[in-house]
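The values are calculated or read from the model by the stated rules, or taken from the named source; none is laboratory data. As the structure is a computational prediction, the values presented were derived from the model and not from experiment. Cβ coordinates were reconstructed from backbone atoms using ideal geometry, including for glycine residues, and neighbour counts include every protein chain displayed. In case anyone asks, the SASA skips ligands and DNA or RNA and just uses the protein heavy atoms, side chains included. Shrake-Rupley method; radii C 1.70, N 1.55, O 1.52, S 1.80 Å.
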Amino acid sequence: MKETIKNTTLADRLLFLLLISLSVAGIFISRDALSQGSEVVIEVDGKPAYTLPLYEDRLVSVGGSYGDTLIEIKEKKVRVREAHCPNQICVKEGWISKGVIVCLPNKLIIIVGGSKKDEQLGIDAITG
Amino acid sequence: MQLQDKQRIAILSAYAIALHGFESLLPTPIPWLKLGLANIITLVALVLYGFRTALMVTLIRVVLASIFIGTFLGPAFILSTGGGLASVLAMGLTMKAFKSLFGTVGLSLIGALFHNLAQLTLAYYLFIQRIEAILIISPFILLIGSLTGIANGIISDILIKNLLKKDREKIQNVIHS
């Protein structure tokens, strides 16, 4: 293994450094770009199904191709409490207060954002 | 295609399917973490036996492994096929275009990068269609991909060296006997 690491070319090492620094920078940039939201938008199959305030505790059940998914809003945080998809990635994400939870099998997206942020992310201009 | 090539493709595909299946059984501590162990076999096939063998092995692996796991023609299958093809094409092209610029580890990194880029693009166009969601998750996926890419590259390099050494020993034994 030592020999392998020693035998890497300069291009190998530069590529590795470039990828690592770009992705770490990307993590910080995307974190800054997302301010804490006040609204929970639940999208099913690409269409917005629910828009709920983040400060109101409640449980929502949303239907999908793998049955109902239980989404819980509590103390300004959101999580997927129960889902019947095979990999359970959405459940493992746990509580979030900003960002997105995606459940691919159920075509379900939960977005935490403010109504202010949505305006900023809108189209700046359309040119002919 | 020679009989020997077919045997090679069959054996390498069997290894790749086994690794792919094994990986799908592993519990993942972080969502989206995938080791991409099957890429080790693709890389070994590419370096030792050329692009066509690597492409065949990848195609056979994604189709058969998805049938075994039960994701055939589902979203996971589309993502894994797109990722596998993009990665083998990128590694093959890099090897052809820049002959000795990148070593096995570098090739593995390029494979991992294009695998992830293809999957993110496919996920955006086919399933998610929210560019914010993709942009948030991309850096994490690329970071994890680079780390697993390095590990797989090192494993592949050691494997390739040992296989070449064994081959050489075999030839010497034949000459001596």
Given the criterion away from chain A (no Cβ under 13 Å) and not polar (S, T, N, Q), identify the matching residue among B:Leu89, B:Leu117, B:Leu79, B:Leu109. B:Leu89
Kindly indicate which of A:Ala49, A:Ala25 is open to solvent by 40 Å² or more (accessible area, probe 1.4 Å), closer than 21 Å to A:Pro105 by Cα and aliphatic (A, V, I, L, M). A:Ala49
Got a number for residues in the range B:150-177 being among the basic types (Lys, Arg) and touching a helix residue (DSSP H, G or I) at 6+ places or on another chain (Cβ under 9 Å)? 1
Confirm whether A:Arg31 is at the interface with chain B (Cβ under 9 Å from one of its Cβ atoms), modelled with pLDDT under 90 and open to solvent by 40 Å² or more (accessible area, probe 1.4 Å). yes
Among (1) open to solvent by 50 Å² or more (accessible area, probe 1.4 Å); (2) farther than 25 Å from B:Lys161 by Cβ; (3) more than 14 Å from chain A (Cβ to nearest Cβ), which single condition is B:Leu73 missing? (3)
Tell me which of these B:Asp167 doesn't satisfy, since it passes every other one: (1) more than 7 Å from chain A (Cβ to nearest Cβ); (2) open to solvent by less than 50 Å² (accessible area, probe 1.4 Å); (3) at pLDDT below 90. (2)
When you look at A:Ile96, is it at pLDDT 85 or above and touching a Lys or Arg at 6+ places or on another chain (Cβ under 6 Å), yes or no? no
Of (1) without any contact (Cβ under 8 Å) to a residue 24 or more places away in the chain; (2) within 8 Å of chain B (Cβ to nearest Cβ), A:Glu43 fails just (1)
Lone qualifier among A:Lys92, A:Lys98 - being touching a residue at least 24 places away in the same chain (Cβ under 8 Å), open to solvent by 30 Å² or more (accessible area, probe 1.4 Å), closer than 24 Å to B:Ile136 by Cβ and at the interface with another protein chain (Cβ under 10 Å from one of its Cβ atoms): A:Lys98
Kindly check whether there is at least one residue in the range B:89-99 that is modelled with pLDDT under 90 and open to solvent by 40 Å² or more (accessible area, probe 1.4 Å). yes
Of (1) more than 26 Å from B:Leu126 (Cα to Cα); (2) open to solvent by 90 Å² or more (accessible area, probe 1.4 Å); (3) modelled with pLDDT of 85 or more, A:Ile73 satisfies every one except (2)
So for the range B:119-129 (the condition being at pLDDT 95 or above, open to solvent by less than 60 Å² (accessible area, probe 1.4 Å) and within 29 Å of A:Leu14 (Cβ to Cβ)), does at least one residue qualify? no
Just give me the residues in the range B:22-47 being out of contact with any helix residue (DSSP H, G or I) (no Cβ under 6 Å at 6 or more places or on another chain) and part of a helix (DSSP H, G or I), in sequence order. B:Phe22, B:Glu23, B:Leu25
